[in-house]
Amino acid sequence: MGPATLRLSARPAVEGTSRLVAPPFGSVSAHTHHGPLEFSATLNDVDVQALGGLIDRSPSTGPVSTAALEGTLRPLEQQARHAAVVFLLRIVGLGLLGGAVAVVVFPRRSWARLARCVAGGALAVVVLVVPSVATFDVSAFRAPHYQGALEYAPTLIGDVRTGLKRLHTLREQMALISQNLNRAYAALSQPSPDLGNGTIRVLHISDVHLNPAGFDLAERLARQFEVAAVVDTGDMGTWGLAFEPAVAQRVKDFHLPYVFVKGNHDSPDVVRAVAANPNAKVLVNSAAEVAGIRFFGAGDPTFSPGEGYRYDDFERLKELRSIEVAHDLDLQTPPADVLLVHDPRQATYALGHVPTVLDGHLHAFGTQLTNGTRLLTTGTVGGAGPDGLRQKQPVPYSAEVLYFDQQTRRPIGVDRITVHSLESSFSVDRELLPEGQMPFQSNPMPVPTTTTAATLAPDGSRSPQVLPTQPGNDRPGLGLRGGRPTTTTTTTPTTTRP
């Protein structure tokens, strides 16, 4: 097809997917249809000079019009359609042949039996192929899954805005794939991903847990995805031992703004060691603007190593503190774009007060949209640290890259990166966040009219505390507005790809 030679294949599958394989870079796949088949197109050979010439003749910036692409892409479309038709006819022919060959196993052969077997084989293939073809939607590649070499992930997936605005027609999709492949092959000699300038990219990591390999991975991701800043939502330490602050020296190696909030495994010494780095900003109920995004951070109010028996008390305390966090957010001028906490519970009643919440603590990816607030939970970039070594199944190293819209200052997409082995297994899953293109509308979460809690004193003693409700407000003692909760939750499990 044009300057490329492709091998088409199909196989039975539980989920209807299509995969474009481009050795040695990896593959891009998407859920494109509802039939029980997986289609695959493998790039066997490319005339790089001819591909470069094709791209030079095609528009690469701005809206792609049909008229502009007609001359260069019409021959490719015709070849692609012809190849697809021949491919499907071969599949049907295989079914016919299989039915005919089946007659050989019968001791009494007849034309009637041959006709029935041939018809049965054809019908079986049609049942497989027709639903796949009828429901095929190439626009599913707006949110692709990438698997392959880490340094080529941004190159093959492309800028997140491409998925939001440009994939409207088959012509545009073909142009995009051609451009990305052209950049990918050029990257062989000089790996330099080009993601464009349409978004502000931020690397979100959490739960390093003293693991130097976690910092190695984070530095590599920051470099390959060309991020503007790194956000760390805590648990750089683990036990609070004297040697732990030394790990914070790795922060200065990023040569980028590094925003940090304390986790429940971070001792005061670790927090001070992070703040000692010239590129670090430690947020303690405070705000800072980095790369055009205003972050407000609230550190974890607990230090829990050796305090497992107080787990329920700590969780309740974090939930109560989220009321104070919501109040502090309402007082910010200018308003914060992103709330940083370690434990999602610290944002319980802050949802609806801020466009985006970033957190960690759970060692797994997750996301939800509640009262207009997008909550994004990243995994553990340190593979859970020492605790991960005790697991029967190794905990994957994980992080996420957020793409912020320059106008709304909200994320419009997220790439979730999972590394199951620092040498061999790597995957990227992209999710588009369409609400990020619209301005945020405040819709605070309601707080119960009377909140009773056990307040933890420094010595471990507890005293009951009742937060009264001010007249005319749903916020206990804080004068905050109430609201109607509306939640959309999506949990993204870690995907293992060999």
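Things worth noting here:
- Residue within the range 304-317 that is closer than 30 Å to I200 by Cβ, small (G, A, S), assigned to a loop (DSSP other than H, G, I, E, B) and open to solvent by 30 Å² or more (accessible area, probe 1.4 Å) present: no
- For S322, the conditions (1) open to solvent by less than 10 Å² (accessible area, probe 1.4 Å); (2) part of a loop (DSSP other than H, G, I, E, B) all hold with the exception of (2).
- Residues (more than 17 Å from D300 (Cα to Cα) and under 23 Å from the mean Cα position of the chain (by Cα)) located in the range 253-278: F254, L256, P257, Y258
- Every condition in (1) open to solvent by 10 Å² or more (accessible area, probe 1.4 Å); (2) closer than 27 Å to T449 by Cα; (3) without any contact (Cβ under 8 Å) to a residue 60 or more places away in the chain holds for L362 except the one numbered (2).
- Residue in the range 194-202 that is part of a loop (DSSP other than H, G, I, E, B), among the aliphatic types (A, V, I, L, M) and at pLDDT below 90 present: yes
- G379 small (G, A, S), surrounded by 24 or more Cβ atoms within 10 Å (Cβ to Cβ) and within 14 Å of the chain's Cα centre (by Cα): yes
- A246 falls short on exactly one of the conditions (1) in a helix (DSSP H, G or I); (2) among the aliphatic types (A, V, I, L, M); (3) open to solvent by less than 50 Å² (accessible area, probe 1.4 Å), and that condition is (3).
- Test: residue in the range 127-148 that is surrounded by fewer than 18 Cβ atoms within 10 Å (Cβ to Cβ), small (G, A, S) and modelled with pLDDT of 80 or more: yes
- Just one residue in the set D216, D207 is of a type in the set (D, E) and part of a helix (DSSP H, G or I); that residue is D216.
- Within the span defined as the range 104-113, every residue fails to be open to solvent by less than 40 Å² (accessible area, probe 1.4 Å) and either at pLDDT 70 or above or not aliphatic (A, V, I, L, M) (or both).
- Any chance P335 is closer than 28 Å to N211 by Cβ and either open to solvent by 10 Å² or more (accessible area, probe 1.4 Å) or at pLDDT below 95 (or both): no
- G52 under 23 Å from V125 (Cβ atoms) and either in a loop (DSSP other than H, G, I, E, B) or modelled with pLDDT under 80 (or both): no
- Any hit, the range 225-245, residues being farther than 24 Å from V284 by Cα, in contact (Cβ under 8 Å) with a residue 60 or more places away in the chain and in contact with a strand residue (DSSP E or B) (Cβ under 6 Å, 6 or more places away or on another chain): yes
- When the test is whether a residue is assigned to a helix (DSSP H, G or I) and open to solvent by 10 Å² or more (accessible area, probe 1.4 Å), R374 does not pass it.
- So R272, is it in contact (Cβ under 8 Å) with a residue 40 or more places away in the chain and among the charged types (D, E, K, R): no
The values are calculated or read from the model by the stated rules, or taken from the named source; none is laboratory data. Just so we're clear, the structure is a prediction, and the values are computed from it rather than from any experiment. Neighbour counts run over all protein chains shown; Cβ positions are idealised from the backbone, glycine included. Accessible surface is based on the protein model in full, side chains and every heavy atom, while ligands, DNA and RNA are left aside. Shrake-Rupley method; radii C 1.70, N 1.55, O 1.52, S 1.80 Å.
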